């Protein structure tokens, strides 16, 4: 089984910017939700993917990802409910691991996270000095919660 093992952290400074080795834009559209899982389409730089994610068990969850043509990803994104998740991803190596710092745009503008994918759930990591509080298990920092809050704020401002 394909598994994603990931930890997510808030940022406490922008010191990470000095270590960026790659930057690209991401745009995600939610195709479907099922139980505690989801299916999404992602336009990532010059590549695109369909991803199926199962329910979380700690920091792990089943994940199946398939590359698709960019034109098809854009067509599928047009079918997805709004808002899409838009962000700039910065890759920052630290202590032998590749960290992804996501800076959100659009309705989630101002939200920034650092994520690191691991080889196994008990893999020790050395936290970069710019990584703050871990929010991996905090439902307040899941995209569905954040998008729901952004939609409520937009409705309240209308």
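The values are calculated or read from the model by the stated rules, or taken from the named source; none is laboratory data. Keep in mind that this is a model prediction, so the values were computed, not measured. Cβ coordinates were reconstructed from backbone atoms using ideal geometry, including for glycine residues, and neighbour counts include every protein chain displayed.
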On the given criteria, is residue 112 under 16 Å from the mean Cα position of the chain (by Cα), surrounded by 15 or more Cβ atoms within 10 Å (Cβ to Cβ), closer than 26 Å to residue 35 by Cα and touching a residue at least 12 places away in the same chain (Cβ under 8 Å)?
no
Checking residue 147 against (1) surrounded by 15 or more Cβ atoms within 10 Å (Cβ to Cβ); (2) not in a helix (DSSP H, G or I), which single condition isn't satisfied?
(2)
Matching residues in region 89-100 - criterion: being farther than 25 Å from residue 33 by Cβ and assigned to a strand (DSSP E or B):
90, 91, 92, 93, 94, 97, 98, 99
Could you give me the residue pairs with C-beta distances under 9 Å whose first residue belongs to region 47-59 and is on the phi > 0 side of the Ramachandran plot and part of a strand (DSSP E or B), whose second residue is surrounded by 13 or more Cβ atoms within 10 Å (Cβ to Cβ) and modelled with pLDDT under 95 wherever it lies, and which are 6+ apart or on separate chains?
none
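Residue-wise test of (1) more than 19 Å from residue 146 (Cβ to Cβ); (2) in a loop (DSSP other than H, G, I, E, B); (3) in contact with a strand residue (DSSP E or B) (Cβ under 9 Å, 6 or more places away or on another chain).
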residue: 61; (1), (2), (3): no, no, yes
residue: 72; (1), (2), (3): yes, no, yes
residue: 78; (1), (2), (3): yes, no, yes
residue: 102; (1), (2), (3): no, no, yes
residue: 110; (1), (2), (3): no, yes, yes
residue: 127; (1), (2), (3): yes, yes, yes
